[in-house]
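Right, one structure below, let's go through it.
The values are calculated or read from the model by the stated rules, or taken from the named source; none is laboratory data. Keep in mind that this is a model prediction, so the values were computed, not measured. All Cβ positions, even for glycine, are placed from backbone atoms using ideal geometry, and neighbour counts span all protein chains on display.
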């Protein structure tokens, strides 16, 4: 590893850690500002003061939340190093995301159980989006202003305008109620992923269709396309070997960025279809004021988002070795 690569690695690692720290810290501040007591939310209004005190001591809720605290009478006060924020990050460095307030289980174990289901759904949604957008975008780009181009534009507009909480119930009504082909909810059988994947991948396929169409139209006007045609190459070879390869670079950018969006958007989709992923886990944590669970899920989603962007940079170099990462 030369000096430039080492510097680039250290810079990326620093940015990686900074983003993770910023996102989780902001979420921590927000959940601390939400009114209500996690002990009361977990034990109920009928809990005795002794039970509430024992719960708060077990989960260390009796400690200050941050280094500083504020009240209207005394103003700002320094709490020292004995606070939940520092304790949480000390645990994260050691691979401990804390204990769930609601289930008394390690948060990391709960995420490990649910995370594969969310990744499976996100990958299935990507497959749906790519399978629709690339063929449709290429056809629309090579047949500009034709019937197929108008259809692709209409499809893209509908896909962008219709949110997942509209598409999901609509698919359930058609393919689970009127035409009972699929189960309306659940994540226990292979076919259960079809409707959630289509719901989650619909908006992405619309975005990618427009991107592929624009890229194909732009690349068809380049000099290398005329040269390839002059050499006698078939139109299929020109489109799929040359035009599409160069046109996919901006598409890969969108794919890399949208993987994190898919994970975030999966929260709604998972709730609609009762898909047992980290999206429903996050909603459960918010509903029960389970601070450690919310922090853990947000941390994992942030790490996944950054890794997806790093993978995108790597794919760039496969598509075009001339691209130099700065």
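So that you can scan it fast, the table gives a plain yes or no per residue for (1) outside the structural domain of residue 185 (by TED's automatic domain parsing); (2) crowded, with 20+ Cβ neighbours inside 10 Å; (3) modelled with pLDDT of 90 or more:
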| position | (1), (2), (3) |
| --- | --- |
| 264 | no, no, no |
| 277 | no, yes, no |
| 287 | no, no, no |
| 293 | no, yes, yes |
| 312 | no, no, no |
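Surrounded by 11 or more Cβ atoms within 10 Å (Cβ to Cβ) and either in contact (Cβ under 8 Å) with a residue 24 or more places away in the chain or more than 27 Å from residue 100 (Cβ to Cβ) (or both): does that describe residue 11?
yes
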If residue 41 satisfies every condition in (1) over 19 Å from the mean Cα position of the chain (by Cα); (2) closer than 26 Å to residue 67 by Cα; (3) free of Cβ contacts under 8 Å to residues at least 24 places away in the same chain but one, which is the exception? (3)
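This table checks each residue for (1) outside the structural domain of residue 275 (by TED's automatic domain parsing); (2) under 30 Å from residue 189 (Cα atoms).
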position	(1), (2)
55	yes, no
100	yes, yes
111	no, yes
130	no, yes
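Considering region 153-207 alone, what residues qualify as being assigned to a loop (DSSP other than H, G, I, E, B) and touching a residue at least 40 places away in the same chain (Cβ under 8 Å)? Let's see the steps before the verdict.
Just the residues of region 153-207 that are assigned to a loop (DSSP other than H, G, I, E, B), to begin with: 162-163, 179-189.
Within region 153-207, 162, 163, 184, 185, 186, 187 meet the criteria.
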Of the residues that sit in region 235-255 and are under 22 Å from the mean Cα position of the chain (by Cα) and buried (at least 20 other Cβ atoms within 10 Å of the Cβ), which one is nearest to residue 303 (Cα to Cα)? 255
Checking residue 137 against (1) assigned by TED's automatic domain parsing to the domain that holds residue 255; (2) closer than 27 Å to residue 287 by Cα; (3) touching a helix residue (DSSP H, G or I) at 6+ places or on another chain (Cβ under 6 Å); (4) crowded, with 18+ Cβ neighbours inside 10 Å, the condition it does not meet: (2)
Can you find a residue in region 37-54 that is out of contact with any helix residue (DSSP H, G or I) (no Cβ under 6 Å at 6 or more places or on another chain), modelled with pLDDT of 85 or more and outside any helix (DSSP H, G or I)? yes
Of everything in region 112-133, what is buried (at least 19 other Cβ atoms within 10 Å of the Cβ) and either closer than 14 Å to residue 198 by Cβ or without any contact (Cβ under 8 Å) to a residue 12 or more places away in the chain (or both)? Give them in sequence order. 121, 122, 125, 126, 128, 129, 132, 133
What number of residues within region 208-234 satisfy the criterion of being over 26 Å from the mean Cα position of the chain (by Cα) and in contact (Cβ under 8 Å) with a residue 40 or more places away in the chain? 3
Unique residue being in contact (Cβ under 8 Å) with a residue 12 or more places away in the chain and over 30 Å from residue 208 (Cβ atoms) when the list is 96, 109: 96
Can you tell me which residue among 254, 268 is part of a helix (DSSP H, G or I), out of contact with any strand residue (DSSP E or B) (no Cβ under 6 Å at 6 or more places or on another chain) and modelled with pLDDT of 80 or more? 268
